[in-house]
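Here the structure comes first, spelled out in structure tokens, and everything after it is commentary.
The values are calculated or read from the model by the stated rules, or taken from the named source; none is laboratory data. Given the structure is predicted, the values throughout are model-derived calculations rather than measurements. So basically every Cβ, Gly included, is an ideal-geometry build from the backbone, and we count neighbours across all protein chains shown.
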Amino acid sequence: MANADRLKALLTGFIRAVTRQVDYCARYPCTVAGQNADGTLELVPDSPKFVGLSKVKYRPGIPGATLTVASGTRVLLGFDNADPSKPYAEGWDQVGTVTELDVNATLIKLNSGTNGVARNGDSTTNGTLAMTQVPDGGGTGIIITFTYTPPVGSPLTVGTIHLLTAGGTATAGTSAIAGQINSSSASVKCG
């Protein structure tokens with residue numbers, strides 16, 4: 001029996017040594033305590049098996065994307081190839097805040113949109129304001145007409161001035177100048 005007990009003890013020790021990394025095959029819920037300047041995370045695992053983990057790389061779930069997340073955001077902790085020296089964070093919880101999302105993509109669509117998104121500095125089409133003059137028909141002066149043509153729609157007369165050789169009348173009008181964006185992002189579309 002002594003040999004059987006000894007063999008059992010050796011086998012038990014071997015199994016424990018081989019399977020001690022089983023914990024590193026699982027994923028563990030964590031809270032983000034902070035984010036470092038290089039983008040890595042400071043994590044506080046829920047499990048008492050781990051102490052806080054520092055400089056943990058994250059996988060955003062979208063190739064070419066980077067995230068800035070608020071402290072308190074929930075994430076899962078895993079280990080590449082069950083190696084405790086290769087921690088990573090992924091599987092973001094729906095509760096939490098992404099304070100910035102940077103996606104390196106050729107095209108981003110929001111709500112299946114097809115219209116380009118306007119950006120600061122994009123140019124606009126605001127229509128034209130024209131002044132024309134014609135003789136007044138009586139031979140005593142000219143009529144100056146101001147016409148605004150919006151980007152879309154019919155021209156509007158915004159004012160006229162009747163200039164006479166002696167005295168005269170003038171009428172004036174105003175019209176809001178509305179703009180229409182004529183350039184936008186080719187890579188971000190929204191609906």
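Computed quantities for the displayed model
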read-out: Some residue of region 41-48 being closer than 30 Å to ILE108 by Cα, touching a Cys at 6+ places or on another chain (Cβ under 7 Å) and among the hydrophobic types (A, V, I, L, M, F, W, C); value: no
read-out: Number of positions in region 76-120 that are more than 14 Å from GLY61 (Cβ to Cβ), touching a Phe, Trp or Tyr at 6+ places or on another chain (Cβ under 9 Å), outside any strand (DSSP E or B) and hydrophobic (A, V, I, L, M, F, W, C); value: 1
read-out: Within region 24-70, tally of residues that are in a loop (DSSP other than H, G, I, E, B) and either under 21 Å from the mean Cα position of the chain (by Cα) or surrounded by 14 or more Cβ atoms within 10 Å (Cβ to Cβ) (or both); value: 14
read-out: Test: LEU129 is over 18 Å from the mean Cα position of the chain (by Cα), in a strand (DSSP E or B) and exposed (fewer than 14 other Cβ atoms within 10 Å of the Cβ); value: yes
read-out: Verdict on ALA178 being aliphatic (A, V, I, L, M), at pLDDT below 80 and not in a loop (DSSP other than H, G, I, E, B); value: no
read-out: Residue pairs meeting the criteria (Cβ under 7 Å; at least 6 apart or on separate chains; first in the same structural domain as GLY91 (by TED's automatic domain parsing), in region 9-37; second of a type in the set (A, V, I, L, M, F, W, C) and modelled with pLDDT under 85); value: TYR28/PHE50
